[in-house]
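Have a look at the structure below before the remarks.
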Amino acid sequence: MGLGLGREWLRDSFFPFFLFAFCVPLGTMAVSITFPLRLLVCQLVEWISGNVLQIDIVREGTALMDSAHRYQYDVAPACSGIRSLFATLLVAIIYALLSFRTGWKRGVLIASAVPLAVFGNVVRMLTIVVAAEFGGQEAGAYVHEGGPFGIISLLPYAAAFGAF
């Protein structure tokens, strides 16, 4: 395209065309990303639940349950945080390139997208565990499905975008 329309047009259109990379489905390549994310989120939820909230949680791989087995949740690949990671990364890239001129500021903002996406997913999983602790499996499932008006489904994004 740059050969046909010129170098300036190529430079000006690079960023919008770069964003199309986020439209490509990962398919089975996502397993190398989702499994470590699932384990990390489960480990963090287990640690925060046990050490901060004093909720007795048992973790077996990517499954979280209480010690009495009143509730159990498995963090599935779709719930690993890959969607919130890609959305947060996309917004961070757009915001960084439109708002900052220096490369280091852009880099810091783009790099912060990964821990912010993980943080948002941990907050979501913690709300599910806390709801299940107080209301049983049904309450946790209600929160997992989004809660009232689907608001809880937005927690991973709210946590990340609030930090921007």
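The values are calculated or read from the model by the stated rules, or taken from the named source; none is laboratory data. Here the structure is a predicted model, which means the values were calculated and not measured. Heads up: the accessible areas ignore ligands, DNA and RNA and are worked out on the full protein's heavy atoms, side chains in. Shrake-Rupley method; radii C 1.70, N 1.55, O 1.52, S 1.80 Å.
How much of the accessible area of the chain, in percent, comes from carbon and sulfur atoms when a 1.4 Å probe is used? On the chain, the fraction of accessible area on carbon and sulfur atoms equals 69 percent. For the chain, the square roots of the Cα gyration tensor eigenvalues, ordered a ≥ b ≥ c, give a/c of at least 1.5 with a/b greater than b/c, which places it in the prolate category.
Solvent-accessible area per residue in the stretch 1-115 equals 64 Å², computed with a 1.4 angstrom probe and all protein chains kept.
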